[in-house]
Structures are given as structure tokens and as C-alpha cells.
2 protein chains.
Amino acid sequence: MKVLWIFAHPEQRSLNASLMREGLSELAGSGHESRVSDLYAMGWKAVLDASDVRAHAPSGGRAGPSAAPPAAPSGPGRRLAVGAAQERAYLRGGQSEDISSEQQKLLWADTLILHFPLWWFGPPAILKGWLDRVLVQGFAFGLRGSDGRALRYGEGGLAGRRALVVTSVGARESSFGPRGIHGHIRQVLWPLLHGTFWYTGMAPHEPFVVYGADRLTEAGHRTYARELRERLRGLPEEEPLPYRSERGGDYGEELTLQPWIAPDGAGLDVHEMFPAAVPRR
Amino acid sequence: MKVLWIFAHPEQRSLNASLMREGLSELAGSGHESRVSDLYAMGWKAVLDASDVRAHAPSGGRAGPSAAPPAAPSGPGRRLAVGAAQERAYLRGGQSEDISSEQQKLLWADTLILHFPLWWFGPPAILKGWLDRVLVQGFAFGLRGSDGRALRYGEGGLAGRRALVVTSVGARESSFGPRGIHGHIRQVLWPLLHGTFWYTGMAPHEPFVVYGADRLTEAGHRTYARELRERLRGLPEEEPLPYRSERGGDYGEELTLQPWIAPDGAGLDVHEMFPAAVPRR
């Protein structure tokens, strides 16, 4: 594998940092390549703003993946339409360097790992900002097939890659189970697993979750480290989550599930084809 | 109402900025008070880091809500345990001023509005960072009742307030419906509605969503502006989403739903008591 490991924790002596070192050591030992974006250590800029798409005002432009002409100069008087401005900057070489650099890493990788403590049931702002700024229209999504339909959910700019969330929560495992008060972890992480990974064509895998992270003993930590190593060893052969493809026939013109599929179902699980084969602890 | 309106869009000439002005005008016209945190305009710091809890090293400390003694000096050599460090800084007057200021606004308000374009099925990083940095342990959560149980999900530091998401998406409404490919909007927004609002004791209301935002006509815009005004006018009388309370008897010791509640159900909707009375367009 060629693994891009995105790490978002402010403390290098944290449980999560230690787990990442274990994971990277396992990958190296198994002959896999890896690159790390340690967002806090890099001082990653979290906030998407006009400077992302204007800072490097194109004059002839860097070579982009498309032969589009350089963008017209855009002064501060021009209204920022975020998605379109990002796409224009991507295609015409007007992006900030830090964004292009992360995109290059993604193109290199066949496996993306997002590793973070779960804050407010989602990624820390610095990681959310990595998604907001790096996964731009024209690069990760917004592409169309020969039939003119959008390439999304199973297809897209990042197709052919697998993606894994590694996260830690303070709560116990039962509270993130299918009937747990916090919501089932797969559904809590829906915006990442389905809305980001699958949306851009990546194959989302069952998240690796450290429960009870605030109260973890040394032995508990060793157990999770061993389990993470095992997960990574098996990852190349592991089945991803069985989300439905947008163009596979399960959705109609209104982008709703066809009436004959799970006719009485609502809720996020109707978008899975069958219960996933999940490695259990 | 006393409304705190948190706005997170980089462009002051956006559809969303225009909608906010409509909303604020409606509130003023109806005799409500409002305060605005326009995060981009404020240059809000999105990334939670050690400087949030160490910058104002306490020496005697500001008066906190608790009479805890000033924190021990904590140099850069001390390991950052995020939640505990935030709580200590909150209780002992060691928070950054920008954080305390937002907390004061929240304490003033009886209504919180989070207003943002939906990026990767969640709030932009700058708004995620507002949640990460402002809603700290000891202030918004981490409190206990007289029975020793955590005050969460219907109770908590922000109880007694209502909370509303106002957001915009490019997609059409059907694709965010109960069987839409993007997931039902209430479940997509679960981390905010249930995991943040309800978790801290606030009453979450049905989100106000602008669909097809990229293709909106002038007439469509006027329709949404009118609907937002109507929503705000009716908000004081509106029923919130009927999520279950943690201490109301529906959850057992393992923080899972009692077996007699929706016995065949899984998925996020089992955490609602009955279908919400939703204002329909």
C-alpha cells in the first residue's frame, strides 16, 4: 500500500500520537510505503478563504491537470463563489501551495487514513479544514461520466483508493453501538464515510475506534495498538463498507432510493447493500 | 428572544449573508434582541491548541463560575490533555479572551443560531473550531446532577436554550429526504443537532435548509427569505425535535436504548420519541 496518514491531534505525547507511531511502524515492517501529514505540526491553515484561490494570482499559471487558460485576474471586488473559485484555481494553477501539496500526496496514495480524536462527534477543525481546502471541485468531485451524469458515490476523482478513519472517544463502546445513545458510530461518522470518502469515489472501511480513551490503562493501550497493527495488516484484503453506488441503479432520477429497495426503510442504513463484514474485537 | 447568531461564510455578498440580514431585520422588527458572531469577519481562530488554555497564564485568575484555586503554572513541557485542560482554564480564568467572550454571549442568549453553508456534510472548519474551542468541559457539558449522573442530552450547561441550524446546500431537496442519497438532512446533521445542541441541554429545532443554493433564482431567494422570516416569527412557539432524554428512563446503564423501546429498531431515528411536527414548505 501507499498510505497517506493525516493526523490531527495537538499533543505529540497523546495516546493517538503513540498509536500512529505503532501504525507507521507496522506499515514499514510489512513493506508498505507511507507519508504523514501531521496537521498541527505543519501549522496547517484550517480556514478556507479567498487567499486560498487568489494568493497565487495566475499569470500564465502553474501547469494544472487541464489545459485551461489562465484565470482572469480577480481583485478583492470580485464575489467569492467558493466551489467555482476553488475549481478555477485548481485547473488554472491559482491554488495556495499547501493545498496543491496535499493533493499531490493524495494522488500518490492508494490508501487514506484520517486519524483524530472525535470532538463534537466529528473531526477537529484543523482536519475539517483539510477537507474543505484540499478536496476541491474538479479534483475530488464535480467530474462527469460519458453519460453526462455526475461521478459520485463510488466514482469520482479519488476512486481506486481505500479510506479508513482511526479515532478515539471518551465513551464506552456500547454507547456508540446500534442502539447506543450517541448514535451508531458508522452513522455518526456518515459525513466522513459516506459524504466524503464514498462521495469522492474512495472505498470507506469500518472505522477503527478507541473507546474509553480517557480512562485507558497501559494494558488497554497495548491491546488497541495490537489491534491497530492487525487491522492495518489485513487492510489490503478487507472488504469496504457496502454503500450503494449512485449510478448502479439503486437510485432514481430524484436521487432517492428506488421504491422497491427496502420499501419500509428510512435512515442511513438503507444506503448499505447488506450488513458489512466487520472485524470484531 | 435573545438570539446569538453565529455566521460562518467567507463572502459578505453571499446568499447566506443576505439571508442573515433578512433574519436579523425580522428579529429586530419583532422586538427580539440579537447579537452576531460573524466568524470570518472576526478573524476567528479555528484551531484549538495549547495557546487557548495557556496564553493567559493565571496568577490569581479572573473570577470564574467556580471558586477553584488558580491553576498551577503549566509550561510547554506539560502534556496537553485537551478536555481537562479546557475545563481547568475555564474554571480558573486561564482561557483566551476570544473564548470567554463567546461563552458570555452564549450565557446571555436564549436562542442559538448556527448559520453556514454545508461543506462536506458539516459546518465549515471555522465554525467547527468555534464548537471545539467555546463549548468546553465544565461550561457546556461535564456537569453532574444530584444523583451523580452526567447532565447530558436534554440537560447540561446550556439547558433552557433553543438552537437552530440555518444552512444551504447545492443539492435538491429530495436528495436530502428520508430516502435521499445524501442521507436525511436531520441524520446528516446528527453531530450538531443531537451531539452538540441536545448533548449540552439545548433544544434542537428542525433545521432551516436552502436547497439548490447554487442555482437559486431571484424569486427563489425571495421565497427562502420569506420562509426564514416566518420560521423566526414562529420559533418561540415551535416544538423542538423530540429527542429522548438521557435520564428520562429510555436508556439503561450501558447507555443503550431499553430493550422495550423500538425493539426492532436501529438507526438514528430510534432516538426520537415520535415523528417531529415539522413546518413544511
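Which ones in the range B:31-73 are among the basic types (Lys, Arg), at pLDDT 95 or above and not in a loop (DSSP other than H, G, I, E, B)? Walk me through how you get there before you give the answer.
The initial filter retains those residues of the range B:31-73 that are among the basic types (Lys, Arg), namely B:35, B:45, B:54, B:62.
Those left that are additionally at pLDDT 95 or above: B:35, B:45.
Across the range B:31-73, the qualifying residue is only B:Arg35.
Among the conditions (1) out of contact with any Phe, Trp or Tyr (no Cβ under 6 Å at 6 or more places or on another chain); (2) in contact (Cβ under 8 Å) with a residue 12 or more places away in the chain; (3) more than 20 Å from A:Gly267 (Cβ to Cβ), A:Gly148 misses just one, which is (2). For the range A:196-216, residues that are open to solvent by 20 Å² or more (accessible area, probe 1.4 Å), more than 12 Å from A:Tyr243 (Cα to Cα) and outside any loop (DSSP other than H, G, I, E, B) total 3. In the range A:100-116, what count of residues is obtained for those that are open to solvent by less than 10 Å² (accessible area, probe 1.4 Å) and either small (Gly, Ala, Ser) or facing chain B (nearest Cβ under 8 Å) (or both)? Residues that pass the stated criteria total 1. Count of the range B:118-139 residues, restricted to those that are over 30 Å from B:Ala171 (Cα atoms) and either facing chain A (nearest Cβ under 10 Å) or of a type outside the set (A, V, I, L, M, F, W, C) (or both), is 4.
How many residues, within the range B:143-180, are facing another protein chain (nearest Cβ under 10 Å) and either of a type outside the set (Ser, Thr, Tyr) or touching a Leu at 6+ places or on another chain (Cβ under 9 Å) (or both)?
Let us first name the residues in the range B:143-180 that are facing another protein chain (nearest Cβ under 10 Å), namely B:152-153, B:170-180.
Pick out the ones that are also either of a type outside the set (Ser, Thr, Tyr) or touching a Leu at 6+ places or on another chain (Cβ under 9 Å) (or both) and you get B:152, B:170-180.
Summing the residues that are facing another protein chain (nearest Cβ under 10 Å) and either of a type outside the set (Ser, Thr, Tyr) or touching a Leu at 6+ places or on another chain (Cβ under 9 Å) (or both) in the range B:143-180 gives 12.
Condition check for A:Leu4 on (1) touching a helix residue (DSSP H, G or I) at 6+ places or on another chain (Cβ under 7 Å); (2) not in a strand (DSSP E or B): one failure, at (2).
Okay, residues lined up against (1) within 19 Å of the chain's Cα centre (by Cα); (2) more than 23 Å from B:Arg179 (Cα to Cα):
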| site | (1), (2) |
| --- | --- |
| B:Arg226 | no, yes |
| B:Leu235 | yes, yes |
| B:Pro242 | yes, no |
| B:Glu246 | yes, yes |
| B:Met273 | no, no |
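Would you confirm, using the coordinates I've provided, whether B:Ala28 is away from chain A (no Cβ under 14 Å), at pLDDT 95 or above, open to solvent by 60 Å² or more (accessible area, probe 1.4 Å) and not in a loop (DSSP other than H, G, I, E, B)? Considered against the rule, which asks whether it is away from chain A (no Cβ under 14 Å), at pLDDT 95 or above, open to solvent by 60 Å² or more (accessible area, probe 1.4 Å) and not in a loop (DSSP other than H, G, I, E, B), B:Ala28 comes out as yes. Of the residues making up the range B:147-194, those that are of a type outside the set (Lys, Arg), closer than 30 Å to A:Gly252 by Cα, open to solvent by 20 Å² or more (accessible area, probe 1.4 Å) and in a loop (DSSP other than H, G, I, E, B) are B:Gly170, B:Ala171, B:Pro178, B:His184. For the range A:231-252, the condition holds for at least one residue, the condition being that it is in contact with a Ser or Thr (Cβ under 8 Å, 6 or more places away or on another chain) and basic (Lys, Arg).
State all residues of the range B:228-255 that are open to solvent by 20 Å² or more (accessible area, probe 1.4 Å) and touching a Pro at 6+ places or on another chain (Cβ under 9 Å); if no residue qualifies, say none.
Kept after step one, since they are open to solvent by 20 Å² or more (accessible area, probe 1.4 Å), are these residues of the range B:228-255: B:229-231, B:233-234, B:236-240, B:244-245, B:247-250, B:253-254.
B:Glu230, B:Arg231, B:Gly234, B:Glu238, B:Pro240 - these are the residues of the range B:228-255 that are open to solvent by 20 Å² or more (accessible area, probe 1.4 Å) and touching a Pro at 6+ places or on another chain (Cβ under 9 Å).
Set side by side, the residues B:Arg133, B:Arg144 differ, and just one is open to solvent by 10 Å² or more (accessible area, probe 1.4 Å) and farther than 19 Å from B:Phe208 by Cβ, which is B:Arg144.
Beta carbons closer than 6 Å, at least 6 apart along the sequence or on distinct chains, pair a first residue in the range A:227-255 that is basic (Lys, Arg) with a second that is not in a loop (DSSP other than H, G, I, E, B) for A:Arg229/A:Glu26; A:Arg231/A:Phe208; A:Arg244/A:His271.
The values are calculated or read from the model by the stated rules, or taken from the named source; none is laboratory data. In this text, all values refer to a predicted model and were calculated from it rather than measured experimentally. Here the Cβ is made from the backbone with ideal geometry for all residues, glycine too, and neighbour counts use every protein chain on show. Protein only, heavy atoms only, side chains kept; ligands, DNA and RNA dropped before computing areas. Shrake-Rupley method; radii C 1.70, N 1.55, O 1.52, S 1.80 Å.
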